[in-house]
């Protein structure tokens, strides 16, 4: 089964421009039909699934390209270790983003509780910076 650029882009939730870019930089393999138009097959699907996974893990396009290039090289301990190191680094970055996200959620929980107090009438409405004065600013909720 072959997919056109439009079909393949829709299938993977990316733009046709992005799909063409991926093929132009050698990231995603494709074939050409009789009219020299790009078409995508099962091999393309496998690579695209890998690309989407790596992008979802926070890899930059450059890192995805490097990873895919390593995959295309002859299998060796060296290429395996290089890919492993890339995954370890991505995991470290993911944990850092997770901690940042936890801090944001904790801050938002405090803000929600503060707004609920304002709505319930047990705290003054100090949520609008337009009403702040030099002498009256809200308490820090960080």
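A few points about this structure:
- The residues in the range 1-56 that are in a loop (DSSP other than H, G, I, E, B), within 20 Å of the chain's Cα centre (by Cα) and free of Cβ contacts under 8 Å to residues at least 40 places away in the same chain can be counted, and the count is 4.
- Residues of the range 78-94 that are in contact with a helix residue (DSSP H, G or I) (Cβ under 7 Å, 6 or more places away or on another chain) and touching a residue at least 24 places away in the same chain (Cβ under 8 Å): 86 alone.
- Residue within the range 30-39 that is exposed (fewer than 14 other Cβ atoms within 10 Å of the Cβ), closer than 30 Å to residue 91 by Cβ and out of contact with any helix residue (DSSP H, G or I) (no Cβ under 7 Å at 6 or more places or on another chain) present: no
- Residues of the range 20-39 classified as touching a strand residue (DSSP E or B) at 6+ places or on another chain (Cβ under 9 Å) and under 14 Å from residue 65 (Cα atoms), total: 3
- Residue match in the range 51-65 (condition: surrounded by fewer than 16 Cβ atoms within 10 Å (Cβ to Cβ), touching a helix residue (DSSP H, G or I) at 6+ places or on another chain (Cβ under 8 Å) and more than 22 Å from residue 97 (Cβ to Cβ)): no
Quick note: the coordinates plus some simple rules give every number you see, no bench work behind them. Treat the numbers as computed from the prediction; the structure is a model and nothing was measured. Don't worry about glycine lacking a Cβ; one is built from the backbone with ideal geometry, like all the others, and counts go over all protein chains shown.
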